[in-house]
Every structure is written in structure tokens, then in C-alpha cells.
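**Student:** Structure in C-alpha cells, see below.
The values are calculated or read from the model by the stated rules, or taken from the named source; none is laboratory data. Here the structure is a predicted model, which is why all the values come from computation and not from measurement. Neighbour counts run over all protein chains shown; Cβ positions are idealised from the backbone, glycine included.
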């Protein structure tokens, strides 16, 4: 029998990724579970970040971010970066995450990530 549910978060599982961002001299990394492809031509991806999150304004101000795919080796860091704020802790230092510079944008990437998707901020709902 078909059921009707109120609006909510129904599409799971989604891949957890680690997003890196920078605003001037501040680098941050945080975990995002809501990400995916919007369009293939032109290539566009999305991340869902609440406006109250520390990285929201870092991305909005810099105009760039990187989606870093995770691995088994990054599981602990992925979890930690999802529950700690960059306002309070340097997550790169705490999790011993090595970063290097992105090739096309002014943003760090995670060295241990097998795939780094460099992104330019297009727009947000808010």
C-alpha cells in the first residue's frame, strides 16, 4: 500500500564527503552528507550547508570550495569533522590531515583524498 509522508529527509544513503574551504588566511574542512550532481553540461555539483555553519560564509566570501571524496583511512576524520566546528578547533591539525593547494582555485585540497573536485560557488537559496 502506498504511503504519504510529510516533507523531510527521505533520500538516503548519500555519500559523506569532506569539503575544504578558505577565506583569506583561514582554512577549514567539514563533513557534508548532502552532495551530488546537478548537471553534466555544464558540469555542476552541489553541497548543502546551513547558513549558521562556520564554513557557509567562508565559501560565500571566497567563492570556492573543494569536494574531497573519503576513504577507509579517512573515516575517523570524516566523523570528527562533521561534529566539530572550525570556529573552535583546527581540524586539519587535530586529525593530522595533510593539505595541498588546489590546481585551479585558491583553496586547499585533502592530500589523502583520491578525488578532489574543485568548485566555484554559483549561488545559494539564501
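Residue by residue, here is whether (1) crowded, with 19+ Cβ neighbours inside 10 Å; (2) touching a strand residue (DSSP E or B) at 6+ places or on another chain (Cβ under 7 Å) holds:
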site: 6; (1), (2): no, no
site: 27; (1), (2): no, yes
site: 37; (1), (2): no, yes
site: 43; (1), (2): no, no
site: 46; (1), (2): no, yes
site: 66; (1), (2): yes, yes
site: 88; (1), (2): no, no
site: 101; (1), (2): no, yes
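**Student:** Which condition from (1) at pLDDT below 90; (2) part of a strand (DSSP E or B) is the one that residue 8 breaks?
**Tutor:** Every condition holds for residue 8 apart from (2).
**Student:** Looking at this structure, is residue 14 surrounded by 12 or more Cβ atoms within 10 Å (Cβ to Cβ), within 16 Å of the chain's Cα centre (by Cα) and either part of a strand (DSSP E or B) or at pLDDT below 95 (or both)?
**Tutor:** Here the answer is yes, as residue 14 does meet what is asked.
**Student:** What residue, among those in the range 48-64 that are in contact (Cβ under 8 Å) with a residue 40 or more places away in the chain and in contact with a strand residue (DSSP E or B) (Cβ under 8 Å, 6 or more places away or on another chain), is surrounded by the most Cβ atoms within 10 Å (Cβ to Cβ)?
**Tutor:** Among those residues, the one meeting the criterion is 59.
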